[in-house]
Amino acid sequence: MRTVGLLGGMSFEGSATYYRLINEAVRERLGGLNSADTIMRSVNFDTIVAMQKSGRWHDAGSFLADAAKGLEKAGADCVMICAVTMHLVADDVERAIHVPFIHIIDETAKRLREDGHRKPLLLATRYTMENGFYQERMAGHGIEVMVPEEDGREAVHAIIFDELCQGKVLAASRNALVTLVERAKADGADSVIFGCTEIGLILDPDALPLQGFDSTLIHANAAVAFALT
């Protein structure tokens, strides 16, 4: 088994989901008491959020690149960022290491294409929905990403940071997200991407007006496939 390097802590709620999903998948495939061989660097999320809010993405990229080099030095055979938003600086991280980098957008795009979807709604942080990096990378796979209107983007961002990242899962917020999916379906969306690690804490991808794709689960499964290849 190869060792998976996890850049986590952004938030720890989401990183705990990654850890659980990866280990459950290894146990399911290998049986018995098998679990994943992983190394995690869990950073202080408040430090990262401060960089996000002030637009210091270069600093964030350097910070995570150094953390990734530490994972490689510790023995990781691959590196993955356990947060969709911080893939905004994925190029900085990938350039800093010599082991494979497992990119969440590429893995999600592969799954969408396999299932015949080309126009998904993206539910994510404002940084992910508005900075363009997600849409541009998806476009390279032939996928046109839709996002909610301004008020919808504000609502999703608040639900993520003010609730889910702090361990709060509220029924009213779940209903608000489902309403956004219904609107997107009326506007031509054919699926919905859970584009933030924490979205899977509040929505079931199989219980929505559109087929849901939990990118955290997809990303975790890609890590397991790498580890067991």
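The residues listed here are Gly167, Gly212; of these, the one that is among the small types (Gly, Ala, Ser) and at pLDDT below 95 is Gly167. Among the criteria (1) touching a residue at least 60 places away in the same chain (Cβ under 8 Å); (2) closer than 18 Å to Tyr18 by Cβ, the one Gly188 does not fulfil is (2). Filtered by the rule that a residue be among the basic types (Lys, Arg) and farther than 12 Å from Ser215 by Cβ, segment 106-136 gives Arg113, Arg118, Lys119, Arg126.
When each of Met10, Met1 is tested for being open to solvent by 40 Å² or more (accessible area, probe 1.4 Å) and in contact (Cβ under 8 Å) with a residue 24 or more places away in the chain, the lone residue that passes is Met1. In segment 1-51, of all residues being polar (S, T, N, Q), at pLDDT below 95 and outside any loop (DSSP other than H, G, I, E, B), the one that is farthest from Leu201 (Cα to Cα) corresponds to Ser15.
Yes/no per residue for (1) under 28 Å from Gly140 (Cα atoms); (2) among the small types (Gly, Ala, Ser):
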{"site": "Met10", "(1), (2)": "yes, no"}
{"site": "Val26", "(1), (2)": "no, no"}
{"site": "Gly31", "(1), (2)": "no, yes"}
{"site": "Ile39", "(1), (2)": "no, no"}
{"site": "Gly75", "(1), (2)": "no, yes"}
{"site": "Leu88", "(1), (2)": "yes, no"}
{"site": "Asp91", "(1), (2)": "yes, no"}
{"site": "Val99", "(1), (2)": "yes, no"}
{"site": "Ile105", "(1), (2)": "yes, no"}
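Of the candidates Ile193, Ile159, the single residue that is within 28 Å of Ala50 (Cβ to Cβ), open to solvent by less than 30 Å² (accessible area, probe 1.4 Å), touching a residue at least 60 places away in the same chain (Cβ under 8 Å) and within 19 Å of the chain's Cα centre (by Cα) is Ile193.
Scanning segment 127-138 for residues that are within 23 Å of Ala186 (Cβ to Cβ) and open to solvent by 10 Å² or more (accessible area, probe 1.4 Å) yields Glu130, Gln135. For first residues located in segment 22-37 and more than 15 Å from Leu217 (Cβ to Cβ), partners that are of a type in the set (Ser, Thr, Tyr) and open to solvent by less than 90 Å² (accessible area, probe 1.4 Å) and lie 6+ apart or on another chain with Cβ distances below 7 Å form the pairs Arg27/Ser35; Asp37/Thr3. For segment 86-119, taking the residues that are among the acidic types (Asp, Glu) and farther than 22 Å from Glu130 by Cα, the one that is most open to solvent (accessible area, probe 1.4 Å) is identified as Glu114.
Can you find even one residue in segment 17-31 that is over 25 Å from Phe194 (Cβ atoms) and either loosely packed, with under 15 Cβ neighbours inside 10 Å or under 20 Å from the mean Cα position of the chain (by Cα) (or both)? Taking every residue of segment 17-31 in turn, at least one turns out to be over 25 Å from Phe194 (Cβ atoms) and either loosely packed, with under 15 Cβ neighbours inside 10 Å or under 20 Å from the mean Cα position of the chain (by Cα) (or both). Scanning segment 168-189 for residues that are open to solvent by 50 Å² or more (accessible area, probe 1.4 Å) and either in a loop (DSSP other than H, G, I, E, B) or among the small types (Gly, Ala, Ser) (or both) yields Lys168, Val169, Leu170, Ala171, Ala172, Ala186, Asp187. Look at segment 135-148: where a residue is within 16 Å of Leu121 (Cβ to Cβ) and a partner is among the small types (Gly, Ala, Ser) and open to solvent by 50 Å² or more (accessible area, probe 1.4 Å), sitting 6+ places away or on another chain with Cβ atoms under 9 Å, you get Val145/Ala139.
The values are calculated or read from the model by the stated rules, or taken from the named source; none is laboratory data. Keep in mind it's a predicted model, so treat the numbers as computed, not measured. Every residue, glycine among them, receives a Cβ derived from its backbone with ideal geometry; neighbour counts consider all protein chains shown. Protein only, heavy atoms only, side chains kept; ligands, DNA and RNA dropped before computing areas. Shrake-Rupley method; radii C 1.70, N 1.55, O 1.52, S 1.80 Å.
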